[in-house]
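The values are calculated or read from the model by the stated rules, or taken from the named source; none is laboratory data. Computed from a predicted model, the values in this text were never measured in an experiment. Quick reminder, even Gly has a Cβ in these numbers, built from the backbone with ideal geometry, and neighbours come from all protein chains shown.
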There are 2 protein chains.
Amino acid sequence: MNTPTSGVHARVSQRVRQLHPSPVRELISVIQRPGMISFAGGLPAAESLPVLGPVEFPAWCMQYGTAEGDPALRAAIAEEARASGLPCSAEQVVVLSGSQQGIDLVAKLFLDPGTCMAVERPSYVAALQVFQFFGARFCHVDSTRPDLGFGNEAAPVLAYLTPNFRNPTGTCLTTAERAQIAAACDARRITVFEDDPYHALAYQDCDRTPICAQLRSASWIYQGSFSKSLAPGLRLGYLIASPDLVAYLAELKGGADLHSSRLSQWLVLQQLQDPLRPQRLAAVVDHYRQKRDHFAALLDRHFRDLAEWEIPQGGLFFWLTLRRHCDTRALLRTAVARGVAFMPGEPFYAEPPDACGQLRLNFTHASAEQAAQGLAMLATLLREA
Amino acid sequence: MNTPTSGVHARVSQRVRQLHPSPVRELISVIQRPGMISFAGGLPAAESLPVLGPVEFPAWCMQYGTAEGDPALRAAIAEEARASGLPCSAEQVVVLSGSQQGIDLVAKLFLDPGTCMAVERPSYVAALQVFQFFGARFCHVDSTRPDLGFGNEAAPVLAYLTPNFRNPTGTCLTTAERAQIAAACDARRITVFEDDPYHALAYQDCDRTPICAQLRSASWIYQGSFSKSLAPGLRLGYLIASPDLVAYLAELKGGADLHSSRLSQWLVLQQLQDPLRPQRLAAVVDHYRQKRDHFAALLDRHFRDLAEWEIPQGGLFFWLTLRRHCDTRALLRTAVARGVAFMPGEPFYAEPPDACGQLRLNFTHASAEQAAQGLAMLATLLREA
């Protein structure tokens, strides 16, 4: 069997020819090297993951299910969403194979090459890549302005927003900003795509009411994930959409993978119905708050003269702006060679700058000792440069 | 909260505007009605699904994994593929969330609006829909001709082939046809996309060697599924690709859902390593052979003057050509009202004819009694028409 290794690039689709390898995916193999101290991924702490006892799955888990997901799980998800302030019914829920899938489905639903969509600056890298793959032309949401900065230009079709503990910056939008965004999207009929994977991980009081709950006429998709509040290996998330969009999204979900694993669906349902769930979540949040505070103290010790940052109110990341402007992708290569990994800032920009001097540090995965050692190493590296 | 129900169609992407609701997905809700006798879906018999004892998952199942899939599972899949005649390494394997996902990924990889691809006539409806969604222009593979019927026209970029027990017709290609297709695709540099979900379900001796194994220069993707040989609820399948395509497909897999459920991956690995697996598969095949023969006897009794068919050598379906030409979609509506469902033939054609007078009958899901009752009802209905 002889396989050509050249020429294939000319035969693939236009959108694949423009594809850049995902920096997130590349990192997963790097951070799995033994001995690597990693602040790179968005991995939950191993000790926060649930320990499942022996599981007895009901027989129906083995058979085909419906694209939208199992009815009892959809109902439980809708109930939890209503409790967090989003009026919805089970019929508006589509279970996803992780919330990354929701990004793919929404991109399929709205994007043609050249479709204008709004994103935050910076925004989640793996979402930007999918939007780019489907040909999005980007504009930026400025949540401090009533017109969101769109001025008199044609409104974008879609706005991708992460109001709670944004990846990468950790920013949580204020109540006033949420209201302003909802009003602007209603006025301009911009469909809101609100991504909320860190909802459960709030370390202090802050308004987490979905922007989608405040819309009066615009269409919307709100999505959540069980990767951060439960376990990423289950690969389970969900979207909830305005009634005009649900049938489209269910159809696209069916075309993507028929439906999500019924084992994962059943396990998540058991967890949602577990009376100990609030207690379990509170313990995870307490644990992550301590890790955040420990990390903040280490940053204070090592980085005070090197960078600026804010304490994130929730989520998994610190976002550092270095005092010395540099290409953090180049910095990463040096750091990895010394055994410490982080996520460079440039890929989080829709149009990546030559150098942004910013980097994302995950504080949940590394142990206290690893954090101390890794941050000291990183500070030394920056001082040497 | 007030949601618009009109106007959304004008705001969705071009490809979604051309989307037709999936007849397969619509049927799933119909066949789940209590009391319905269904020959419609491709559902395994409930009694053929594995009964899992209490399962203890390793802790790492809960954490993020790599897009390509867990290494031990990729190795086991490659080993099984080599045993069925396809030379490959674990590095060429990408684990999928069911083989429907492979169709989505391959479509993303190769199709721009207007890209010419070859399909069988008829072909798998849920694949045709995804290809159409990504803008494919279809031509047809004629496996009886050395040039596959392409003549002097520009060769298609991609050929989607299901040599083993094709859905819907049940056809199994001969050794000579496989060689002829491989030679033609090599000569014209047509990438082969070989879909083989029914590989394990062979009820008599027949050549099932992958066409991909016989290619000398063309690129290829071979894909398989654990939905038919194990359990669809796990939503696990895989693709194996020529080395020039693997990195692209892994990247697209990551963009689609990061990776597949690690619980499902681990369960499938346990099954692949189970020394009782060959015995279990042999029992399923024996059971399905009996169901096929029972079904064939019932067809002989009720349909001899109504239709023509062949006995499928494997897979899940009989394909009936009615002596009276009619639109079987209209026939289905009447049949469902009486409590029996089948899959109409028209949607299996890339350009659906007004009426094809053909229908697909699944023989694995209904019980012997249901098959007897349902086929008698269907024959009565046809006689009345």
Exercise. Return yes or no: is B:GLY314 within 23 Å of A:CYS61 (Cα to Cα), away from chain A (no Cβ under 14 Å) and within 21 Å of the chain's Cα centre (by Cα)?
Key: no
Quiz item: Given the residues B:ASP147, B:ASP104, B:ASP112, which is the only one that is buried (at least 22 other Cβ atoms within 10 Å of the Cβ) and charged (D, E, K, R)?
Solution: B:ASP104
Exercise. Working only within the range B:183-230, note down all residues that are touching a strand residue (DSSP E or B) at 6+ places or on another chain (Cβ under 8 Å) and among the acidic types (Asp, Glu).
Key: B:GLU194, B:ASP195, B:ASP196
Practice problem: Name every residue in the range B:88-99 that is of a type outside the set (Gly, Ala, Ser) and surrounded by fewer than 24 Cβ atoms within 10 Å (Cβ to Cβ), in order of residue number. | Solution: B:CYS88, B:GLU91
Quiz item: Which of (1) under 28 Å from A:HIS259 (Cβ atoms); (2) in contact with a Phe, Trp or Tyr (Cβ under 7 Å, 6 or more places away or on another chain); (3) at pLDDT 95 or above is the odd one out, the single condition B:GLN313 does not satisfy?
Solution: (1)
Self-check item: Scope the range A:139-156; condition under 21 Å from the mean Cα position of the chain (by Cα) and in contact (Cβ under 8 Å) with a residue 40 or more places away in the chain; matching residues
Solution: A:HIS140, A:VAL141
Quiz item: Among the residues of the range B:6-13, is there at least one that is at pLDDT below 90 and closer than 30 Å to B:MET343 by Cα?
Solution: yes
Exercise. Could you please find all residues in the range B:126-144 being surrounded by 18 or more Cβ atoms within 10 Å (Cβ to Cβ) and touching a helix residue (DSSP H, G or I) at 6+ places or on another chain (Cβ under 8 Å)?
Key: B:ALA126, B:ALA127, B:LEU128, B:GLN129, B:VAL130, B:PHE131, B:PHE133, B:PHE134, B:ALA136, B:PHE138, B:VAL141, B:SER143
Self-check item: Matching residues, the range B:14-35, being within 22 Å of A:GLU91 (Cβ to Cβ), at pLDDT 80 or above and more than 7 Å from chain A (Cβ to nearest Cβ)
Solution: B:ARG33, B:PRO34
Self-check item: Residues of the range B:286-298 classified as buried (at least 18 other Cβ atoms within 10 Å of the Cβ) and either at pLDDT below 95 or within 22 Å of the chain's Cα centre (by Cα) (or both), total
Solution: 4
Practice problem: Tell me, please, whether a residue that is acidic (Asp, Glu) and over 20 Å from B:ALA385 (Cα atoms) can be found in the range B:327-338. | Solution: no
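Here is a yes/no grid of residues against (1) at pLDDT below 95; (2) assigned to a helix (DSSP H, G or I); (3) not hydroxyl-bearing (Ser, Thr, Tyr):
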| residue | (1), (2), (3) |
| --- | --- |
| A:ASP300 | no, yes, yes |
| A:ASP305 | no, no, yes |
| A:TRP319 | no, no, yes |
| A:HIS325 | yes, no, yes |
| A:LEU331 | yes, yes, yes |
| A:THR334 | yes, yes, no |
| A:ARG360 | no, no, yes |
| A:GLU369 | no, yes, yes |
| A:LEU378 | no, yes, yes |
Quiz item: Can you name the number of the only condition in (1) closer than 30 Å to B:LEU252 by Cβ; (2) away from chain B (no Cβ under 14 Å); (3) over 21 Å from the mean Cα position of the chain (by Cα); (4) not in a helix (DSSP H, G or I) that A:HIS259 fails?
Solution: (2)
Exercise. Tell me, please, whether a residue that is over 30 Å from A:PHE226 (Cα atoms) and touching a residue at least 40 places away in the same chain (Cβ under 8 Å) can be found in the range B:46-68.
Key: yes
Self-check item: Top-ranked residue in the range B:42-67 [being touching a Phe, Trp or Tyr at 6+ places or on another chain (Cβ under 8 Å), assigned to a loop (DSSP other than H, G, I, E, B) and more than 7 Å from chain A (Cβ to nearest Cβ); ranked as nearest to B:GLY255 (Cα to Cα)]
Solution: B:PRO58
Quiz item: Here are some conditions: (1) buried (at least 18 other Cβ atoms within 10 Å of the Cβ); (2) modelled with pLDDT under 95. A:ARG338 meets all but one. Which one does it not meet?
Solution: (1)
Quiz item: Could you list, in sequence order, the residues of the range A:230-248 that are closer than 25 Å to A:LEU111 by Cβ, more than 7 Å from chain B (Cβ to nearest Cβ) and surrounded by 24 or more Cβ atoms within 10 Å (Cβ to Cβ)?
Solution: A:LEU236, A:GLY237, A:TYR238, A:LEU239, A:ILE240, A:ALA241
Self-check item: Matching option when the condition is crowded, with 22+ Cβ neighbours inside 10 Å, closer than 30 Å to A:SER13 by Cα and assigned by TED's automatic domain parsing to the domain that holds A:ALA90, among A:ALA159, A:ALA155, A:ALA218
Solution: A:ALA159
Quiz item: A:ASP244 versus (1) in contact (Cβ under 8 Å) with a residue 12 or more places away in the chain; (2) part of a helix (DSSP H, G or I); (3) more than 27 Å from A:ALA159 (Cα to Cα): which is the lone unmet condition?
Solution: (3)
Self-check item: Scan of the range A:196-212 for residues that are touching a residue at least 60 places away in the same chain (Cβ under 8 Å) and either polar (S, T, N, Q) or out of contact with any Lys or Arg (no Cβ under 9 Å at 6 or more places or on another chain) (or both), ordered by number
Solution: A:GLN204, A:CYS206, A:ARG208, A:THR209, A:CYS212
Exercise. Only strands (runs of 3 or more DSSP E) wholly contained in the range B:79-198 count here; list those with 3 or more residues that are away from chain A (no Cβ under 14 Å).
Key: B:137-140
Quiz item: In the list A:LEU86, A:LEU96, which residue meets the criterion of being at pLDDT 95 or above, in contact with a Leu (Cβ under 9 Å, 6 or more places away or on another chain) and in the same structural domain as A:GLU194 (by TED's automatic domain parsing)?
Solution: A:LEU96
